[in-house]
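Presented below is the structure to which this report refers.
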Amino acid sequence: MEIFGTLKKDMDAVERSLYASIEVESEALGEASMHLLKAGGKRLRPAFVLLGGKFGTYELDRLQRIAVPLELIHMASLVHDDVIDNAQTRRGQLTVKAKWDNRIAMYTGDYIYAKALEIVAGLDDPRIHRILAKAMVEMSIGEMEQIRDFFNSGQSIRRYLLRIRRKTALLIAVSCQLGALAAGASDEAARELYNYGYNVGMAFQIRDDLLDLCGTEKQIGKPPGSDIRQGNITIPVLYALQEESLREPLLSEIVRIHEADGRTDVSSAVTMIRNSTGIAKAEELADRYTQKALAALDRLPDIRARRHLRDIAHFVSRRTY
């Protein structure tokens with residue numbers, strides 16, 4: 001995503017700090033952590049921290065103490081996610097659990113979480129610690145809710161939205177908010193940046209759900225339909241299940257996939273969902289969250305960082321990877 005030209009130098013510094021942060025004497029932990037880091041990623045959360053900092057007194061050294069931990073927390077959650085989902089690939093690479101095993105993966109995730117907390121401890125603002133701790137608690141609840149709702153085709157739209165708020169949107173929201181707070185921005189600016197990040201995060205996850213069904217393996221780095229194979233019933237599926245003509249055949253496919261413990265072809269279910277109105281309804285919902293994010297930006301000072309945040313919102317709304 002080539003919209004961080006003005007931030008490239010600082011993002012490069014964050015990247016170097018990420019690599020330095022996971023250096024460890026334990027060979028297994030070091031290799032597993034480095035494997036995940038080298039798999040890449042969009043680094044959206046660090047970018048949000050730096051852009052949030054532009055609304056106050058911008059100091060890279062201070063902002064890095066938030067940008068790096070937030071990306072580490074995101075990375076750790078992915079390691080744990082892949083164990084829960086029994087995922088073999090991520091971003092076109094073997095997951096930590098697939099390359100090593102579940103035990104190494106769990107300890108790697110724990111180690112990365114601990115490194116995040118160690119780094120952020122260098123900041124003396126208690127608000128930052130409270131917000132981050134609460135976000136991590138909510139993320140953990142979101143993970144448990146996802147496990148509870150595996151193959152639960154009867155869950156409500158509201159329940160799904162609350163889960164992705166906890167699992168995805170919250171960390172993006174606090175990335176924007178904490179960048180502003182660390183830079184001494186006004187409470188009003190921090191609040192609107194949180195609102196922006198929350199809505200972008202919701203749109204991001206819904207778009208992710210759509211890509212899992214409509215993207216190619218080359219685009220998304222994993223086989224299409226991975227979510228439903230793992231039992232993760234996402235918003236396009238829930239919308240598709242509301243169609244009278246599709247409900248019974250799609251439910252039958254979900255039951256079949258569940259009974260096969262995910263080790264089966266899911267192309268029939270994917271085709272049903274692609275041909276349903278669930279795709280268009282999910283896209284419409286993602287667009288509504290994007291518009292809410294843009295509205296929050298309109299209440300912020302008109303500086304270059306605001307324009308970058310607007311570009312990110314548009315990127316999220318139409319991304320294909």
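Things to note:
- Number of residues in region 1-58 that are β-branched (Val, Ile, Thr) and open to solvent by 30 Å² or more (accessible area, probe 1.4 Å) equals 4.
- Checking each residue in region 63-87 for being of a type outside the set (D, E, K, R), in contact (Cβ under 8 Å) with a residue 60 or more places away in the chain and over 18 Å from ALA20 (Cβ atoms) picks out SER77, HIS80, ILE84, ASN86, ALA87.
- Matching entry among LYS281, LYS222, LYS218 (being at pLDDT 95 or above and open to solvent by 10 Å² or more (accessible area, probe 1.4 Å)): LYS281
- With respect to the conditions (1) under 23 Å from ILE257 (Cα atoms); (2) open to solvent by 40 Å² or more (accessible area, probe 1.4 Å); (3) of a type outside the set (Lys, Arg), ASN195 lacks only one, and its number is (1).
- Any hit, region 99-106, residues being in contact with a strand residue (DSSP E or B) (Cβ under 9 Å, 6 or more places away or on another chain), in contact (Cβ under 8 Å) with a residue 24 or more places away in the chain and open to solvent by less than 60 Å² (accessible area, probe 1.4 Å): no
- No other residue among LEU250, LEU213 is closer than 15 Å to ARG319 by Cβ and crowded, with 21+ Cβ neighbours inside 10 Å apart from LEU213.
- Residue match in region 110-121 (condition: more than 14 Å from SER21 (Cα to Cα) and not charged (D, E, K, R)): no
- Within region 254-274, residues that are under 16 Å from LEU238 (Cβ atoms) reach partners that are modelled with pLDDT of 90 or more and among the charged types (D, E, K, R) with beta carbons closer than 6 Å, at six or more positions or on different chains, in the pairs ALA269/GLU253.
- Residue within region 173-189 that is under 26 Å from ALA280 (Cβ atoms), touching a residue at least 12 places away in the same chain (Cβ under 8 Å), surrounded by 16 or more Cβ atoms within 10 Å (Cβ to Cβ) and touching an Asp or Glu at 6+ places or on another chain (Cβ under 9 Å) present: no
The values are calculated or read from the model by the stated rules, or taken from the named source; none is laboratory data. Because the structure is a prediction, the values reported are computed rather than measured. With ideal geometry, Cβ positions are generated from the backbone for all residues, glycine too; neighbour counts draw on all protein chains shown. The area values use the complete protein model at the heavy-atom level, side chains included, leaving out ligands, DNA and RNA. Shrake-Rupley method; radii C 1.70, N 1.55, O 1.52, S 1.80 Å.
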